[in-house]
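K.L.:
I'd like to ask some things about the structure below.
The values are calculated or read from the model by the stated rules, or taken from the named source; none is laboratory data. This is a predicted model, so every value here is computed, not measured. In this analysis, Cβ positions are derived from the backbone assuming ideal geometry, glycine residues included, and neighbour counts consider all displayed protein chains.
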Amino acid sequence: MSDEWVRIAAPATTSNIGPGFDTFGLAMSEPCDIIEGRKIDSGFKIAEVSGPGSDKIPKDPKINSVTIAAEQVLKRCGADFGIELRIKKGIRPCSGMGSSGASAAGGAVLANILCGEKLSPTQMILCAAHAEDVISGGLHADNVSPCILGGFTVIRSYEPFDVIRIEPPKNLGMVVALPDIMVATSDARKVLPHEVSIKDLVFHVGNASTMVYGMMTGDLGIISRSVKDAVFEPARARLVPFLKEAEKEAVSNGALVSFLGGSGPCIMSFYDSNTNIGGAIAEKVKAVYTDNGIKCDTWVTKPGVGCKRI
């Protein structure tokens, strides 16, 4: 049995992105989780968990998203070995930045490499999405899809599963602000309405369609005008203090649009990276929280390539 460690960098992602609830996803260049693993005779062993929020990450393989996803890969590949793992979190849990999705995707990609890369990207996504279902209580692949494929992804259908990847504009800059507030995905899903009006449905279809067009053509103006959400962000806004103030401050300082990232509490802002104003946007949004006594971390980043071996 080879004892060579394989290391995977699994990036943060943002999902929903306005009208694309459980459908749109976008990989970031940073931050990343680092998932390391090597073959063992059988079973799963999590040797170490470190990084932000690591005290909240279970080391029990039955309830850890890395091992749940990896186990699915081994089953699909008919593998006759187990995996020992080390997990270094770069993405805080309950952040809205695809923390559990990154771990699940990283576990799936790592296990697939150890199996000789037998699975397709879509099969790896399904293994990672199974882990998301177990952990968050709802099947959604809008984080694990861009985490594995990179770029901007659109899930056309869950049954049967069908996802496409689009290369986002080169000058799409991203500012991420993460206040020291915890919002679990499972809790954020509980506040959502079970039905939407025809008016809201039409609104979302129109904006979702033009969002895809903007990503394909590199039109940042259309992208920014299409980040509209009449249903999901309004339902979740009360979970994130000062959300509207932060979004307003971002746009007032040059952001094209600002919105709730995933299930929150992170606030995402898009800007034209050719203008080099990402740092200023980050500082202004951060100040909304620090002025109110809440710690806030920020990243100035761009779309990323997805999971990669390092």
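K.L.:
Looking at this structure, is Ser120 surrounded by fewer than 21 Cβ atoms within 10 Å (Cβ to Cβ), among the small types (Gly, Ala, Ser) and free of Cβ contacts under 8 Å to residues at least 24 places away in the same chain?
P.N.:
Yes; evaluated as a whole, the condition is true for this residue.
K.L.:
Do we have Ser263 as among the polar types (S, T, N, Q), in a strand (DSSP E or B) and surrounded by 16 or more Cβ atoms within 10 Å (Cβ to Cβ) here?
P.N.:
no
K.L.:
I'd like to verify a number: residues in the stretch 31-42 that are of a type in the set (D, E, K, R) and buried (at least 24 other Cβ atoms within 10 Å of the Cβ), how many?
P.N.:
1
K.L.:
Would you please name the residue that is nearest to Phe21 (Cα to Cα), looking only at residues in the stretch 257-290 that are of a type in the set (S, T, N, Q) and touching a helix residue (DSSP H, G or I) at 6+ places or on another chain (Cβ under 7 Å)?
P.N.:
Of everything passing the filter in the stretch 257-290, Ser263 is nearest to Phe21 (Cα to Cα).
K.L.:
Exactly one of (1) among the hydroxyl-bearing types (Ser, Thr, Tyr); (2) surrounded by fewer than 23 Cβ atoms within 10 Å (Cβ to Cβ); (3) modelled with pLDDT of 95 or more is unmet by Ser136. Its number?
P.N.:
Going through (1) among the hydroxyl-bearing types (Ser, Thr, Tyr); (2) surrounded by fewer than 23 Cβ atoms within 10 Å (Cβ to Cβ); (3) modelled with pLDDT of 95 or more one by one, Ser136 breaks only (3).
K.L.:
Now for a different question. Being assigned to a loop (DSSP other than H, G, I, E, B) and free of Cβ contacts under 8 Å to residues at least 24 places away in the same chain is the filter here; which residues of the stretch 266-294 pass it?
P.N.:
Asn276, Asp291, Gly293
Residues are listed down the side, and each one gets a yes or a no for (1) hydrophobic (A, V, I, L, M, F, W, C); (2) closer than 20 Å to Met182 by Cα:
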site	(1), (2)
Ile8	yes, no
Ser15	no, yes
Gly20	no, no
Thr23	no, no
Ala27	yes, no
Glu36	no, no
Glu48	no, no
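K.L.:
Another one. Somewhere in the stretch 241-249, is a residue in a helix (DSSP H, G or I) and touching a residue at least 60 places away in the same chain (Cβ under 8 Å)?
P.N.:
Yes, there is a match, as at least one residue in the stretch 241-249 is in a helix (DSSP H, G or I) and touching a residue at least 60 places away in the same chain (Cβ under 8 Å).
K.L.:
Hey, does the stretch 49-70 have a residue that's closer than 19 Å to Ile113 by Cα and assigned to a strand (DSSP E or B)?
P.N.:
no
K.L.:
Which of the residues belonging to the stretch 177-191 are of a type outside the set (S, T, N, Q), farther than 22 Å from Val257 by Cβ and at pLDDT below 90?
P.N.:
Once the filter is applied, which keeps residues that are of a type outside the set (S, T, N, Q), farther than 22 Å from Val257 by Cβ and at pLDDT below 90, the stretch 177-191 yields Met182, Ala184, Asp187, Arg189, Lys190, Val191.
K.L.:
Looking only at the stretch 93-115, which residues are in contact with a strand residue (DSSP E or B) (Cβ under 8 Å, 6 or more places away or on another chain), not hydrophobic (A, V, I, L, M, F, W, C) and not in a loop (DSSP other than H, G, I, E, B)?
P.N.:
Ser99, Gly101, Ser103, Gly106, Gly107
K.L.:
Evaluate the stretch 22-30: report whether one residue or more is small (Gly, Ala, Ser), touching a Gly at 6+ places or on another chain (Cβ under 6 Å), surrounded by fewer than 24 Cβ atoms within 10 Å (Cβ to Cβ) and assigned to a strand (DSSP E or B).
P.N.:
yes
K.L.:
Could you check the stretch 135-147 and list, in sequence order, the residues that are under 17 Å from Ile35 (Cβ atoms) and either part of a helix (DSSP H, G or I) or free of Cβ contacts under 8 Å to residues at least 60 places away in the same chain (or both)?
P.N.:
Hits for the stretch 135-147 are Ile135, Val144, Pro146, Cys147.
K.L.:
Continuing with this model, one more query. With the requirement that a residue be assigned to a loop (DSSP other than H, G, I, E, B) and among the small types (Gly, Ala, Ser), what does the stretch 197-234 give you?
P.N.:
Hits for the stretch 197-234 are Ser197, Gly218, Ala230.
K.L.:
Can I ask one more? Filter the stretch 226-236 for residues that are without any contact (Cβ under 8 Å) to a residue 24 or more places away in the chain and closer than 19 Å to Phe270 by Cβ and give the result.
P.N.:
none
K.L.:
Now, a different point. Do we find that Pro93 is closer than 18 Å to Leu178 by Cβ, in contact (Cβ under 8 Å) with a residue 12 or more places away in the chain, surrounded by fewer than 24 Cβ atoms within 10 Å (Cβ to Cβ) and not acidic (Asp, Glu) in this structure?
P.N.:
yes
K.L.:
Go through the stretch 44-57 and count every residue that is in contact with a Gly (Cβ under 9 Å, 6 or more places away or on another chain), of a type outside the set (D, E, K, R) and modelled with pLDDT of 95 or more.
P.N.:
The qualifying residues number 1.
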